[in-house]
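The values are calculated or read from the model by the stated rules, or taken from the named source; none is laboratory data. Just so it is clear, the structure is predicted and the values come from calculations on it, not from any experiment. As a convention, Cβ positions derive from the backbone with ideal geometry for all residues, glycine included, and neighbour counts pool all protein chains shown.
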Amino acid sequence: MAKEGRAAAAFLDFLQSDEARQIAVDNGYPPIGEGDTPSTDNQLLGQVLTSYEGLVETGNTTDYINNATAGMQASAIIPGFQSLIDGTMTPKAFVESIQAQYEKEVK
């Protein structure tokens, strides 16, 4: 294996370590890999992580949320946020556009 390949493998191993999982949570992200959910003092994040943990355990999520529906971010979320921020889209229309794109992609 090339030196770069070993470095890449070591990095991927690190991403699933307890240390990296805690770093992810400390920065507001869900941890990847298996293991106990790292602790956080942020109550809202703690609730999100508890819910996320339940989804992972039942197999109802992916390793990275954008992988659930590949085009969601580019085709609905980013343009929708831009329209929401500049006032050309209402919050209700934003939610409806996300739902419509989701339904289109999961078919």
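So, Gln16, is that one modelled with pLDDT of 85 or more and not hydroxyl-bearing (Ser, Thr, Tyr) or not?
Spelling it out, Gln16 is indeed modelled with pLDDT of 85 or more and not hydroxyl-bearing (Ser, Thr, Tyr).
Evaluate the following for Thr40: is it in contact with an Asp or Glu (Cβ under 8 Å, 6 or more places away or on another chain), surrounded by 14 or more Cβ atoms within 10 Å (Cβ to Cβ) and either modelled with pLDDT of 90 or more or hydroxyl-bearing (Ser, Thr, Tyr) (or both)?
Judged against the criteria, Thr40 is a match.
Quick one: in the stretch 56-93, which of the residues that are under 13 Å from Pro31 (Cα atoms) and assigned to a helix (DSSP H, G or I) is modelled with the lowest pLDDT?
Restricting to residues being under 13 Å from Pro31 (Cα atoms) and assigned to a helix (DSSP H, G or I), the top hit is Ile65.
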